[in-house]
1. In this structure, is A:Asp333 out of contact with any Phe, Trp or Tyr (no Cβ under 9 Å at 6 or more places or on another chain), of a type in the set (Asp, Glu) and without any contact (Cβ under 8 Å) to a residue 40 or more places away in the chain?
2. Going by the conditions given, is A:Gly281 modelled with pLDDT of 95 or more and crowded, with 21+ Cβ neighbours inside 10 Å?
3. I'd like to know if region A:245-257 contains one or more residues that are at pLDDT below 95 and either at positive phi or more than 10 Å from every other protein chain (Cβ to nearest Cβ) (or both).
4. Tell me, which residue of region B:223-244 that is among the hydroxyl-bearing types (Ser, Thr, Tyr) and modelled with pLDDT of 95 or more is nearest to B:Gly306 (Cα to Cα)?
5. Kindly indicate which of B:Val205, B:Val255 is touching a residue at least 60 places away in the same chain (Cβ under 8 Å), farther than 13 Å from B:Asn101 by Cα and buried (at least 16 other Cβ atoms within 10 Å of the Cβ).
6. Name the residues in region B:186-201 that are touching a residue at least 24 places away in the same chain (Cβ under 8 Å) and assigned to a loop (DSSP other than H, G, I, E, B), would you?
7. Being surrounded by 23 or more Cβ atoms within 10 Å (Cβ to Cβ) and either within 8 Å of another protein chain (Cβ to nearest Cβ) or on the phi > 0 side of the Ramachandran plot (or both) is the filter here, so list the residues in region A:328-337 that pass it.
8. Could you tell me whether any residue of region A:209-218 is open to solvent by 50 Å² or more (accessible area, probe 1.4 Å), more than 7 Å from chain B (Cβ to nearest Cβ) and under 24 Å from A:Ala180 (Cβ atoms)?
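The values are calculated or read from the model by the stated rules, or taken from the named source; none is laboratory data. As the structure is a computational prediction, the values presented were derived from the model and not from experiment. In this analysis, Cβ positions are derived from the backbone assuming ideal geometry, glycine residues included, and neighbour counts consider all displayed protein chains. These accessible areas exclude ligands, DNA and RNA; they are computed on the full protein's heavy atoms, side chains included. Shrake-Rupley method; radii C 1.70, N 1.55, O 1.52, S 1.80 Å.
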2 protein chains.
Amino acid sequence: MTSLPSLPVLADDDSMLSRKFGREVANYFSGSPLNRVSFLRGEHDFLNKAFAHPSASFLLMNGLSPLGKGRSTLAYVGRDAVLPLIGPEPFKQTEAEQIRNFNSTVDKPVILFLGLDEKNKGFSFKEHSGNPYFAVDVTPRGTFTEQANGVIQTVEKDGIAFITGGRHMNLSAPEAAIYAQARALFDWNARNPFCGGCGQKTMSVNAGTKRVCPPTDLAGVSEGAEPTTRAECPTRAGVSNLSFPRTDPTVIMAVVSADGSKLLLGRQSRWPPSMFSTLAGFLEPGESIEEAVRREVWEESGVRVGRVVIHSSQPWPYPANLMIGAVGQALPDGEKIDLGNDPELEKAKWFTFDEVREGLRNGIAGLDEPAPSTLKEGGIRLPPHTAIANRLIDAVINGFLTLTPKI
Amino acid sequence: MTSLPSLPVLADDDSMLSRKFGREVANYFSGSPLNRVSFLRGEHDFLNKAFAHPSASFLLMNGLSPLGKGRSTLAYVGRDAVLPLIGPEPFKQTEAEQIRNFNSTVDKPVILFLGLDEKNKGFSFKEHSGNPYFAVDVTPRGTFTEQANGVIQTVEKDGIAFITGGRHMNLSAPEAAIYAQARALFDWNARNPFCGGCGQKTMSVNAGTKRVCPPTDLAGVSEGAEPTTRAECPTRAGVSNLSFPRTDPTVIMAVVSADGSKLLLGRQSRWPPSMFSTLAGFLEPGESIEEAVRREVWEESGVRVGRVVIHSSQPWPYPANLMIGAVGQALPDGEKIDLGNDPELEKAKWFTFDEVREGLRNGIAGLDEPAPSTLKEGGIRLPPHTAIANRLIDAVINGFLTLTPKI
């Protein structure tokens, strides 16, 4: 059996309500040990002090690969290791000053403030305390290529390297959550160097969680002269979500037959042989979660779903999804499988709970892993515990449908 | 009491499971009567035939204001009314041909295919049938300003006009869902005329649900000559979500005290006097729904939440949110209110269920409506039934916390 990374578990308190609500499911990539104190990201006095504090840790990523000790532990570095790339006081200027000094010909690495580890209160600011965590995107690029390469060469040493390939699902759950936060934000920043509203270059602010389209540019302006005014941009006025990171809500669902005895699973042609999983798809504008579940199941398998219950959620940083896990129930006359709508699946099939139970017991493996040696002839492969698909399947097979309310 | 638009209710089937799962909550702006058949949006043979069919209905929007009869009913027009703007065969070319013929100096109105109304099967394509619904953004703009103004003048007549102002929450639930889908997609297209990856102009494809960054441009090219090759763009290779509509997951939560006897509500300073509502905020990259609920409640009110249960969801097209409604329970030692973190709220307060019940009975009004005449001295105003905030508050006050499992 594949080893299960330790998942964060909420302390169960003893009040009547918590017993009634049942146990919350915390999926892999959630459960960050950091307090994001998101309201402090624009306060450069805070960022400055947190950055300068000896307890500050820095996660470096090169092309979205995190620095690690081996493949299963993140390796943090101290501030000194990144100074050649970002300088000693990257938050010295206020955000307004940084925007005024924007120069579209100078590239700058994205620096994220991830949060405070409140279990270790080495650093304090007003009423908040905890060791600060930052992340720096050291991918060599544009005008800082040389400095980034220098940092990369310095930090890689015996057993410490940027972990390339795969989805980094060997990390412990708390580290996976920190990695997910950093990866999602670096990726979003890297994908959005230009403004969707006007096509001009944007810059990262708010400790890496926002991009603004500056009104002026120092490109080609001589020292001390006034910056050039840029073309107008609709994002500079009024409310706009253009400059915030995107997270795409995605539905993923374990669909049971009307009598609750069978489970609907599907497979894509590019998957390894005998691999099956739950159906999934993007929620669209103007849809509720339940509607998206019913639409996606019908489009991909022809099965018509009635009741939908939300089970749990999982942040999925490949690149920017929120997986919303649900259990759906087919309508009594809607169980017929028809792949003729959306050709996304190669196969969709109703499995008995016994077949699925056998898969959970002997067929668990990641997409990029070899078939488990325990997999029986004719048996199915299922996704690992770190995937919400596994948690949904497991929930349905192991009691979610019984009379005891699980949520 | 404010009138409640009729909400779509799922047929309750009689299986054991559906009784156990309880009743699904369908919020306003969800419950579209249309089948989106999303997999047909790229098939121009289908779009062509649906567009040409006499049963096709067209919803027009001018600056996001829909054409309506009065303020509470959408007014659809036939194809002939929009031909001067979009021509008789807007889907005649395949999508690949349209991309090859991209000309960045020619503006085109966005045309959405919304779906098929399967209750009225006037039109058929392969195994799918239903009256087709389209929407056209007739906002005068760029090279089609004159034609758009012409269409606008033709369609406005006695009692038929573009409904400006407000949130169109007098529409019936099915019409509100159609409006939400169209508004969200028009708004996204309008906000993203340029590519975030390279800064060049993009074009709407896939019946308005996708924008691509074309590799070539006919701008300035003489008739019959080859198009110019544009600068490279990272979105043209590999997986990218840049060119899909964005929907921002947002958490909104009714927080009860540890003993389940009080409800936490807050107010923003710009709201009308005595108006309160549930707390809410954007989910961030790398967060589960439950984590986002706990973070937002703590940041905005200082209250620390333990257990979180998801209640229902609501598409919210202002501009592009998925409201994920939850009920949270404060930790026994976490009930102290502290507004010193995120200064978003002017006030947060624990209310007894009796105070909230009185508000639900006599204090319901929208943000842009006057205070209800029934509002008592010292009583609170609460949001209307069309808002998920109201549904969450109502659920908590009316039995969600009792031993009968509601979900």
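1. On the way: out of contact with any Phe, Trp or Tyr (no Cβ under 9 Å at 6 or more places or on another chain): yes; of a type in the set (Asp, Glu): yes; without any contact (Cβ under 8 Å) to a residue 40 or more places away in the chain: yes.
So A:Asp333 passes the test.
2. Details: modelled with pLDDT of 95 or more: yes; crowded, with 21+ Cβ neighbours inside 10 Å: no.
No.
3. No; the residues of region A:245-257 include none that is at pLDDT below 95 and either at positive phi or more than 10 Å from every other protein chain (Cβ to nearest Cβ) (or both).
4. First, the residues of region B:223-244 that are among the hydroxyl-bearing types (Ser, Thr, Tyr): B:228-229, B:235, B:240, B:243.
Narrowing the set further to residues that are modelled with pLDDT of 95 or more leaves B:228-229.
On the way: B:Thr228: 59, B:Thr229: 56 Å.
Here the answer is B:Thr229.
5. Going through B:Val205, B:Val255 in turn, the sole match is B:Val255.
6. Step one: of region B:186-201, the residues touching a residue at least 24 places away in the same chain (Cβ under 8 Å) are B:186-191, B:195-198, B:200-201.
If the condition is that a residue be touching a residue at least 24 places away in the same chain (Cβ under 8 Å) and assigned to a loop (DSSP other than H, G, I, E, B), then B:Cys195, B:Gly196, B:Gly197, B:Cys198, B:Gln200 are the ones that fit.
7. Residues of region A:328-337 surrounded by 23 or more Cβ atoms within 10 Å (Cβ to Cβ): A:328-330.
Of everything in region A:328-337, just one residue is surrounded by 23 or more Cβ atoms within 10 Å (Cβ to Cβ) and either within 8 Å of another protein chain (Cβ to nearest Cβ) or on the phi > 0 side of the Ramachandran plot (or both), namely A:Gln329.
8. Let us first name the residues in region A:209-218 that are open to solvent by 50 Å² or more (accessible area, probe 1.4 Å), namely A:210, A:215.
After this cut, where a residue has to be more than 7 Å from chain B (Cβ to nearest Cβ) as well, the list is A:210, A:215.
If we keep only those that are under 24 Å from A:Ala180 (Cβ atoms) as well, we get A:210.
Yes, the conditions are met somewhere in region A:209-218.
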